[in-house]
Amino acid sequence: MIDIFQEAQKLSLYLAYNINVDAIVYLKTEHIEKLISELGAENIRRRMDEYPREINEPIDFVARLIHALKTGKPMAVPLVNEKIHTWFDKRFKYDVERMGGQVGIIANLLANLDFKKVIAYSPVLAKRQAQMFVNKPNLLYPVVENGKLVLKKPIEAYRENDPIKVNRIFEFRKGMRFKLGNEIIEVPHSGRFIVASRFESIRIETKENLKPFLPEIGEIVDGAILSGYQGIKKRYSDGKDANYYLRKAKEDIMLLKRKKDIKVHVEFASIQDRELRKKVIYNIFPLADSVGMDESEIAYILNSLGYPKLADRIFNYNRIEDTVLGGKIILDELNLEILQIHTIYYLMYITHKDNPLSEDGLRQSLEIATTLAAARAFLGDIKSPEDFKVGLKVPYNEYGEFVKLRFEEAKRKLRMKEYKVVIIPTRLVKNPVSTVGLGDTISAGAFSSYLALLRRKGVY
Ligand SMILES: Nc1ncnc2c1ncn2[C@@H]1O[C@H](COP(=O)(O)OP(=O)(O)O)[C@@H](O)[C@H]1O
Ligand SMILES: O=P(O)(O)OC[C@H]1O[C@](O)(CO)[C@@H](O)[C@@H]1O
Ligand SMILES: [Mg+2]
């Protein structure tokens, strides 16, 4: 496995579009009890039933937070009312502020792992944000100077007046107990709840001056990881809308692939609005080679594709058989080369039978992914390739054998002839420093090692 990891390190990757500051709160029972007594258990329960899909007022936040705590699922909900920023800041002291966003997290990870070159792009780059990127020669931000593409360290490329986006992250831990009225809630898994800020001023796009250079960037790199589409809004005050930005996003992928047919991984993230979610799936997935997502996200996607019962089963029970079935549907309907699903207890790849990698190769790629996530969960951050070894010391979760058994059962029940499906149990850290970004870490490790293995086979 180490050899595949070393081959992955030789790769160069392009990343776009989202960076932000993650302001993290380590939730304590007292926080929750205070919120419940302030807003009233009955009111909260009622709002939980309504299942608000954006945060307009404090009770929307509390309702969705408690839903996440009750299910132990990773969730993200957009904050659309800028007036309640102060409500949050009065109630919570942020324990840590760190680099967030798929681009920010993956860029720092791959740069610290000594990948050959990481080109990280976001349409905004403020000074404070630039300072959060690791300062290493292999991590570069693309700018255009005198009509030419120049790759600079983020700290040499920031723009004074660019906005900063701060997301609030609520880290919760397995075993926390509290009362909502008469109901006793015990948190079943550790995870994070994201209050994602959505500002008009930050658009998910490649700025016009850089756009003509995307084919050149595609030529320099070996692959691209794209994410941030979840930040697109339905409508903007200047008349632009989601269709406009999705058309632009499609152009970007085609431009990146123009000179060299690089593989593109899309890291999916929660999109609460059903219409927007559907648009992102139907516009972007067919242009991607690989897509990554967590168990809440696969359920949301299947809902959009018209499989609500299967979606509910996956969300509520996380059964392997259902995830395989759902994964096959997504792979086929959106015509992907490979789909990667990360859940608390297992990681899964689904490809078509003709994928050039063997099942063993695919499994090794997932092993690299979970090892990196375990290292990050244990250390808080991955600072050098040496940290990979820390992940290797983390044992597989207690359901490891059960996962394998259920997978064998699923294989007997489901039609598998046209597919390659592999699954591994996760290496799960009992008391993670934080969990936000572990999925991004898994996807970066999985996709880069997948590319390295294709290269080894001589097919990429
Ligand atoms: N304590 C832990 N130790 C190791 N891996 C973990 C731990 N907690 C979660 N993970 C992994 O991280 C994944 C989280 O992915 P995801 O929800 O996409 O997070 P994010 O979007 O914040 O990166 C889980 O599916 C699981 O595989
Ligand atoms: O949807 P947004 O606002 O770009 O935020 C993405 C969020 O997902 C993460 O990248 C984790 O996957 C966080 O660091 C970040 O807050
Ligand atoms: Mg994720």
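The values are calculated or read from the model by the stated rules, or taken from the named source; none is laboratory data. Bear in mind that the values here come from a model prediction, so they are computed numbers and not experimental data. Note that we place each Cβ from the backbone using ideal geometry, even for glycine, and neighbour counts take in every protein chain shown. These area figures cover heavy atoms from the full protein model, side chains too; ligands, DNA and RNA do not enter into them. Shrake-Rupley method; radii C 1.70, N 1.55, O 1.52, S 1.80 Å.
So the values come out like this:
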read-out	value
Some residue of the stretch 420-443 being within 16 Å of ligand 3 (Cβ to nearest atom), hydrophobic (A, V, I, L, M, F, W, C) and assigned to a helix (DSSP H, G or I)	yes
Criterion: modelled with pLDDT under 95 and among the charged types (D, E, K, R) - qualifying residue of 411, 383	411
Test: residue in the stretch 264-287 that is farther than 20 Å from residue 208 by Cα, within 15 Å of ligand 3 (Cβ to nearest atom) and of a type in the set (Asp, Glu)	yes
Test: residue in the stretch 260-281 that is closer than 25 Å to residue 220 by Cβ and of a type in the set (Gly, Ala, Ser)	no
Close pairs from the stretch 61-83: first closer than 19 Å to residue 100 by Cα and aliphatic (A, V, I, L, M), partner part of a helix (DSSP H, G or I) and at pLDDT below 95, Cβ under 8 Å, at least 6 apart	75/296; 79/85
Number of the exception - residue 87 against (1) farther than 15 Å from residue 166 by Cβ; (2) more than 23 Å from the chain's Cα centre (by Cα); (3) not small (Gly, Ala, Ser)	(1)
Residue within the stretch 67-87 that is in a helix (DSSP H, G or I), over 26 Å from residue 170 (Cβ atoms) and among the hydrophobic types (A, V, I, L, M, F, W, C) present	no
The stretch 404-419, subset open to solvent by less than 80 Å² (accessible area, probe 1.4 Å) and either basic (Lys, Arg) or within 23 Å of the chain's Cα centre (by Cα) (or both), residue nearest to residue 359 (Cα to Cα)	411
Hits in the stretch 18-47 (condition: farther than 16 Å from residue 178 by Cα and more than 16 Å from ligand 1 (Cβ to nearest atom))	43, 46, 47
Selected residue (only one of 307, 236, 244 is closer than 30 Å to residue 401 by Cβ, in the same structural domain as residue 402 (by TED's automatic domain parsing) and over 21 Å from the mean Cα position of the chain (by Cα))	307
Filter result for residue 171 (charged (D, E, K, R) and within 25 Å of residue 212 (Cα to Cα))	no
Flag if residue 151 is open to solvent by 40 Å² or more (accessible area, probe 1.4 Å), modelled with pLDDT of 95 or more and in a strand (DSSP E or B)	yes
Any hit, the stretch 379-399, residues being surrounded by 16 or more Cβ atoms within 10 Å (Cβ to Cβ), hydrophobic (A, V, I, L, M, F, W, C) and assigned to a helix (DSSP H, G or I)	yes
Members of the stretch 420-453 that are more than 16 Å from ligand 1 (Cβ to nearest atom) and surrounded by fewer than 20 Cβ atoms within 10 Å (Cβ to Cβ)	420
Test result for residue 270, assigned to a helix (DSSP H, G or I) and under 24 Å from residue 369 (Cβ atoms)	no
Residue count, the stretch 415-453 (criterion: more than 16 Å from ligand 2 (Cβ to nearest atom) and out of contact with any strand residue (DSSP E or B) (no Cβ under 8 Å at 6 or more places or on another chain))	9
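Residues checked against (1) at pLDDT 95 or above; (2) touching a His at 6+ places or on another chain (Cβ under 7 Å); (3) in the same structural domain as residue 389 (by TED's automatic domain parsing); (4) away from ligand 1 (no atom under 15 Å from the Cβ):
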residue	(1), (2), (3), (4)
294	yes, yes, yes, no
297	yes, no, yes, no
301	yes, no, yes, no
323	yes, no, yes, no
334	yes, no, yes, yes
343	yes, no, yes, no
358	yes, no, yes, yes
364	yes, no, yes, yes
377	yes, no, yes, no
